[in-house]
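Asks: One structure, pasted below without further comment.
The values are calculated or read from the model by the stated rules, or taken from the named source; none is laboratory data. Note that the structure is a prediction, hence the values are computed from the model and not measured. Neighbour counts are summed over all protein chains in view; Cβ atoms, including those assigned to glycine, are modelled from backbone coordinates with ideal geometry.
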Amino acid sequence: MQRKTFTSSTPLPAGSPVAVQVGNRFFTSGIVSDRTGGLESESHRVFQLIAELFRNAGISSADVVRTRIWHTSPDTAEAEAMLRVVHGVIFSHPGPALTIVQVEQLPGGVEVSVELEAIAGSGESSTKFESDIDSSSSSAVLVGGELWTSALRGDRSGDHAAQMVQAVEDAKGLMKHAGVGPGDVVSTRHFMRHDVQFEAGPPEWLEFKKPSIPTSAGIAVSGVGEQGHTVAFEMEGVTDSAVGRTNLRTDRAFEVDHNYCRAVLVDGGDVIYVAGTTSIVVDEIVQHPFEVGPQVADTLKIIRWAITELGFEWDDLAQTRTYVVGGDAEIVEAITSLESSLPHKQVANTVVGVPVLGRPEVVVEIKARAVKARR
């Protein structure tokens with residue numbers, strides 16, 4: 001389980017490496033183009049850089065289990081159609097799970113950022129479900145008992161709750177095919193169009209999480225697909241993890257009320273999944289309201305507590321994804337705080353600007369994963 005980092009000629013936020021590999025687990029930062037020229041041009045260049053990275057790291061494109069693409073194009077349907085075509089050129093069919101999300105802003109004013117997760121050497125042994133030829137993507141990927149899903153969306157003619165319910169039902173169907181039980185879900189997240197958020201979610205969503213109490217994150221974004229789409233849901237599961245795992249909670253009643261926990265560690269596993277975390281503490285108090293830099297520092301302290309409480313070390317942190325409310329100045333402030341707080345140049349990191357988070361005074365949310373490295 002040795003740890004390797006890979007550098008890039010393109011500067012990345014917070015001095016992050018372009019990728020981190022711990023054992024066979026491979027995570028990239030949000031990779032951006034080193035050339036401007038619009039969404040399509042930047043997209044092609046980003047995937048060229050990814051192909052170069054794969055060659056340098058000895059990773060096959062068939063080893064990729066998830067691609068997540070962030071873009072800032074105002075036309076979500078047209079942008080997604082183009083991005084799916086570009087993705088289909090780079091990956092062979094059947095490809096990885098795929099999520100495409102429109103966000104408010106990206107660091108440096110770029111129009112697209114791409115992050116990937118891979119399991120080195122898994123290409124021939126992986127099972128892929130409900131694959132799409134045009135985009136070379138799959139609704140779900142199973143490797144060694146671990147399941148990753150694409151962003152699942154309901155029929156856009158339905159309302160917000162109906163779309164979430166349909167996405168959850170689709171996830172259940174994929175889990176059944178993959179042999180992942182209701183108690184085996186370890187991590188979930190849903191991206192919601194910011195103008196149609198719900199507070200608790202439909203009862204079916206809470207019931208879905210109840211058997212496993214996974215980590216969770218609900219992120220308000222600018223768009224999740226074609227006009228009418230309001231929510232996109234993705235998850236990870238580990239077969240048979242219901243029989244042996246630790247679900248770590250803080251003392252916040254919010255976690256109990258919403259059937260999720262702060263972090264999950266499967267017995268014998270090498271990964272800690274950390275929920276979308278903010279600076280909110282017991283009694284729902286927001287530390288440093290409206291202050292980006294201090295909220296980054298406070299949030300990482302909570303994440304650090306979770307990782308060390310479960311027996312890992314802070315240097316085992318492998319990946320973070322930081323959501324920031326605001327414009328260029330706020331994103332720069334977040335990046336500066338990340339650079340001073342993260343293990344130096346050891347963590348794959350993606351930074352995206354979003355229109356709003358769960359409460360107005362909350363301006364930073366961070367999701368993380370730690371992977372145990374050999375010492």
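Asks: Can you name every residue in region 57-97 that is of a type in the set (Asp, Glu) and closer than 25 Å to residue 228 by Cα?
Replies: 75, 78, 80
Condition check ((1) charged (D, E, K, R); (2) under 19 Å from residue 247 (Cα atoms); (3) surrounded by fewer than 24 Cβ atoms within 10 Å (Cβ to Cβ)) across all residues:
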{"site": "317", "(1), (2), (3)": "no, yes, no"}
{"site": "320", "(1), (2), (3)": "no, no, no"}
{"site": "323", "(1), (2), (3)": "no, no, no"}
{"site": "329", "(1), (2), (3)": "no, no, yes"}
{"site": "334", "(1), (2), (3)": "no, no, no"}
{"site": "339", "(1), (2), (3)": "yes, no, yes"}
{"site": "357", "(1), (2), (3)": "no, no, yes"}
{"site": "362", "(1), (2), (3)": "no, no, yes"}
{"site": "368", "(1), (2), (3)": "no, yes, no"}
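Asks: Among the residues that make up region 103-117, is at least one of them among the acidic types (Asp, Glu), over 19 Å from residue 233 (Cα atoms) and in a helix (DSSP H, G or I)?
Replies: No: zero hits.
Asks: What tally of residues in region 94-122 results from selecting those that are modelled with pLDDT under 95, surrounded by fewer than 18 Cβ atoms within 10 Å (Cβ to Cβ) and at negative phi?
Replies: 0
Asks: Take the residues of region 310-339 that are of a type in the set (A, V, I, L, M) and assigned to a helix (DSSP H, G or I): which is farthest from residue 273 (Cα to Cα)?
Replies: Among those residues, the one meeting the criterion is 329.
Asks: While we're on this one: Suppose we filter 307, 272 for residues that are assigned to a helix (DSSP H, G or I) and touching a residue at least 60 places away in the same chain (Cβ under 8 Å); which single one remains?
Replies: Among 307, 272, only 307 is assigned to a helix (DSSP H, G or I) and touching a residue at least 60 places away in the same chain (Cβ under 8 Å).
Asks: How many residues, within region 128-172, are more than 19 Å from the chain's Cα centre (by Cα), assigned to a loop (DSSP other than H, G, I, E, B) and on the phi < 0 side of the Ramachandran plot?
Replies: The number of residues fulfilling the criteria is 9.
Asks: Across region 172-189, what is the number of residues that are farther than 23 Å from residue 255 by Cβ and in contact (Cβ under 8 Å) with a residue 12 or more places away in the chain?
Replies: The total comes to 4.
Asks: Now, a different point. Hey, among 212, 216, 187, which residue is within 20 Å of residue 69 (Cβ to Cβ) and modelled with pLDDT of 95 or more?
Replies: 187
Asks: Okay, moving on. Out of the residues in region 288-315 that are of a type in the set (Val, Ile, Thr) and farther than 20 Å from residue 246 by Cβ, state the one that is surrounded by the fewest Cβ atoms within 10 Å (Cβ to Cβ).
Replies: 292
Asks: Looking at residue 251, is it more than 26 Å from residue 195 (Cβ to Cβ) and either modelled with pLDDT of 95 or more or in contact with a strand residue (DSSP E or B) (Cβ under 7 Å, 6 or more places away or on another chain) (or both)?
Replies: Here the answer is no, as residue 251 does not meet what is asked.
Residue by residue, here is whether (1) aliphatic (A, V, I, L, M); (2) at pLDDT below 90; (3) surrounded by fewer than 23 Cβ atoms within 10 Å (Cβ to Cβ); (4) not in a helix (DSSP H, G or I) holds:
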{"site": "35", "(1), (2), (3), (4)": "no, yes, yes, yes"}
{"site": "44", "(1), (2), (3), (4)": "no, no, yes, no"}
{"site": "53", "(1), (2), (3), (4)": "yes, no, yes, no"}
{"site": "56", "(1), (2), (3), (4)": "no, no, yes, no"}
{"site": "70", "(1), (2), (3), (4)": "no, no, no, yes"}
{"site": "81", "(1), (2), (3), (4)": "yes, no, yes, no"}
{"site": "89", "(1), (2), (3), (4)": "yes, no, yes, no"}
{"site": "92", "(1), (2), (3), (4)": "no, no, yes, yes"}
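Asks: With respect to residue 60, determine if the residue is surrounded by 20 or more Cβ atoms within 10 Å (Cβ to Cβ) and either closer than 18 Å to residue 174 by Cβ or touching a residue at least 40 places away in the same chain (Cβ under 8 Å) (or both).
Replies: Here the answer is no, as residue 60 does not meet what is asked.
Asks: I'd like to verify a number: residues in region 58-68 that are touching a helix residue (DSSP H, G or I) at 6+ places or on another chain (Cβ under 8 Å) and in a helix (DSSP H, G or I), how many?
Replies: Count: 1.
Asks: Taking residue 28 as the residue in question, decide whether it is in contact with a Pro (Cβ under 8 Å, 6 or more places away or on another chain), within 22 Å of residue 148 (Cβ to Cβ) and buried (at least 19 other Cβ atoms within 10 Å of the Cβ). Don't jump to the end; show me each part of the working.
Replies: Working: in contact with a Pro (Cβ under 8 Å, 6 or more places away or on another chain): no; within 22 Å of residue 148 (Cβ to Cβ): yes; buried (at least 19 other Cβ atoms within 10 Å of the Cβ): yes.
So residue 28 fails the test.
Asks: Another one. Identify the residue in region 267-287 that is surrounded by 18 or more Cβ atoms within 10 Å (Cβ to Cβ) and over 22 Å from the mean Cα position of the chain (by Cα) and, among all such residues, is nearest to residue 213 (Cα to Cα).
Replies: This residue is 286.
Asks: Got a sec? Which of 370, 318, 334 is farther than 14 Å from residue 271 by Cα, modelled with pLDDT of 95 or more and of a type outside the set (Phe, Trp, Tyr)?
Replies: Only one candidate qualifies: 334.
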